[in-house]
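This report refers to the structure that appears directly beneath it.
Please treat every number below as a calculation from the coordinates, not as lab data. Just so it is clear, the structure is predicted and the values come from calculations on it, not from any experiment. Reconstructed Cβ throughout: ideal geometry from the backbone, glycine too, with neighbour counts over all protein chains shown.
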């Protein structure tokens with residue numbers, strides 16, 4: 001059982017390492033967004049996809065290890081969570097329980113930080129796209145029409161939706 005628990009711990013450590021790399025990439029993505037560096041944004045997106053695939057592989061390994069633990073404990077793997085495993089083994093295998101608990105806490109914090117940073121990046125990207133769309137409307141004359149525009153005779157007129165930055169002659 002100790003060997004199986006240690007293998008589960010090693011699997012969790014791989015997950016933690018991959019999540020640390022993902023957090024670094026998400027932070028780099030934020031910098032790329034702030035600098036409006038399209039190439040860097042594309043590179044970080046590619047790196048994120050690779051890391052997410054790696055995390056899925058490591059998680060499948062973790063599920064396999066949990067299945068082995070479940071077989072030792074004679075319970076269904078679907079009913080077994082890391083918290084349950086820790087509770088069940090803490091009296092018999094205290095060292096393994098501590099290491100699993102530490103890994104679980106670290107992984108939980110990492111996932112939370114990645115989610116928060118990813119949400120911030122999403123908001124930043126949405127704001128950036130909103131500003132770009134507003135700039136496009138202004139350049140193309142699709143913005144709000146001018147108010148209180150008068151002709152040379154003093155009559156209020158409604159200008160056509162001409163671009164604000166370009167004259168008709170251009």
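Observations on the model:
- Total residues in the stretch 1-45 satisfying the condition of being closer than 30 Å to residue 72 by Cα and in contact with a helix residue (DSSP H, G or I) (Cβ under 9 Å, 6 or more places away or on another chain): the figure is 18.
- Filter result for residue 63 (within 20 Å of residue 5 (Cα to Cα) and not in a loop (DSSP other than H, G, I, E, B)): yes
- For residue 54: the one exception among (1) surrounded by fewer than 12 Cβ atoms within 10 Å (Cβ to Cβ); (2) under 16 Å from residue 11 (Cα atoms): (1)
- Counted residues, the stretch 73-89 - those being surrounded by fewer than 12 Cβ atoms within 10 Å (Cβ to Cβ) and under 18 Å from residue 3 (Cα atoms): 1
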